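Worksheet: one structure, shown below.
Every read-out reported here was derived from the displayed coordinates using simple, explicitly stated rules and does not represent laboratory data. Predicted, not measured: the structure shown is a model, and the values here were computed from it. FYI the Cβ positions are ideal-geometry reconstructions off the backbone, even for glycines, and counts take in every protein chain you see.
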Amino acid sequence: MHSTTTDRVYTALETFRVELPSWGFANTGTRFGKFIQAAAATTTAEKFSDAGQVHLLTGVCPTIALHVLWDCPQGVHSSGEIRTFAGRYGVAPGSINPNLFQDQEYKFGSFGNPDSAIRQRALKHAKDSIEIATRLHSRDISFWFADGSNYPGTANIRQRRRWFEEALKESHRALAPEQRMLIEYKPFEPAFYHTDIADWGMALLLARAAGPQAKVLVDTGHHYAAQNIEQIVAWLLSEGMLGGFHFNDRRYADDDLTLGSIDPYQVFRIFHEIQFFERETGARADIAYMVDQSHNLKGKIEAMIQTVTMAQQLFAKAALVDSAKLATAQRNCDLVGAESLLQDAFATDVRPVVQEWRQSRGLPKDPMEAFRQSGYLERITKERAAKNSHNISSYA
Ligand SMILES: [Mn+2]
């Protein structure tokens, strides 16, 4: 392959890192039921072990996102244990995800709850989560809220917005200077009439109100079917407000399917907007690339390896778009020329170069094959089968 291609792919892959979600290694299901996998992680230690395995084979997943309720059952006192797991399994704690939706108190919301005692409780959990992040040297605290309402007229939308502003501002005050608060949005589910942070505009306004360390998190599954996510990404980049991603693919709603399994071209277009922005402005987009997928049918570790290798391929393809040529074609309104630059890059088979890059870094050429040969899955299946057979009630 042409050396420019190799150089571009190598340069792109050198800095591209993907954070894995702890919850992606545990047994999860749908609202209708849960199919148990004998090899699923049953403890935080096992989640670290599995994430460590993916990092060992891909070399690009040095951190694991943690969910406070599921992974830090002792709250701030869990941080010692977490540090031990990080050392043992070779993956560091990544973003800290507060849980403001699972406790019974949150039936009518957390930061948007009409009961001030419950809003205070939610705020305390947010501050505890920030304290956990501080103790673990985690940079990002990633907020997703299930808050909303199911029926017209049942919630004061403007009042709830004010409560959100207040609580986010108050949380922001607890951040250390190097930390960030990421605010995620989602149009519907679990609320089916209104969601308090339903889209990127609402998340952006709230992030601006919260303070300078608050940014927007784009979960690719949290959009209506025809929405132009790459345009949202371009706007957030222009505003300096894109903080991170939760990767997954979807066909209908928030399906949690494997990245690129339905529409790899969309992911490519998102990566293109980011790299085009960086090349055009010379600025570095400070983005946390994270996976938010729970596979209930695919093997969990295999699905993560598939996701990471797909993300690398699409990121590498996007690096092949010649930005200077594209800018010229856009200025000249050369529509076919401009579009072809994207299409040609997308059509390039970058797999051989990505494999070369892995080998140049002492990594297995084919992480999936290496995983299948490793015997890890057989070992954990034996170790965990009994525990999983009577552990079907808890989500985490
Ligand atoms: Mn998410």
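Numbers at a glance
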read-out	value
Ratio Rg/Rh, restricted to region 316-377 and using Cα atoms, in which Rh is the Kirkwood radius	1.25
Pair W235, E356: separation of 7 Å Cα→Cβ label points (nm)	4.1
Using a Förster distance of 25 Å, the FRET efficiency for E339-T281 (Cβ separation, nearest 0.05)	0.65
The chain - share of DSSP beta bridges that are antiparallel (%, nearest 5)	15
Longest to shortest principal axis, alpha-carbon extents of the chain, angstrom	63, 55, 40
Qualifying lysines (Cα of each under 21 Å from Cα of K365; at least 8 residues distant if same chain)	K300, K317
Convex hull per residue volume in Å³, alpha carbons only, for region 1-118	178
Partners for K127 among lysines (Cα-Cα distance below 16 Å; same-chain residues under 8 apart left out)	K169
Residue order, fewest to most surrounding Cβ atoms within 10 angstrom, among T42, T195	T42, T195
Set of aspartates and glutamates with alpha-carbon distance to K186 below 14 Å, sequence-local pairs under 8 removed	D147, D196, D199, D219, D254, D255, D256, D292
Estimated distance in nm for a label pair at T84 and A198, the labels positioned 7 Å out from Cα along Cα-to-Cβ	4.7
Stretchable slack from A324 to E170, in nm (0.36 nm times residue separation minus alpha-carbon distance)	51.0 nm
Cα principal axis extents for region 190-301, largest first, Å	41, 35, 27
Spin-label proximity, A347 to region 261-292 - amide N less than 18 Å from point 7 Å beyond Cα toward beta carbon	264-266, 268-269
Reciprocal of mean inverse Cα separation for region 275-396 (Kirkwood radius, Å)	18.0
Extent along principal axes [Cα atoms of region 1-50; Å; largest to smallest]	50, 26, 16
Charge context of A225, other residues only, Cβ under 13 angstrom, K/R +1, D/E -1	-2
Highest-fluctuation residue, G375, G109, G29 considered, GNM on the chain with Cα pairs under 10 Å	G375
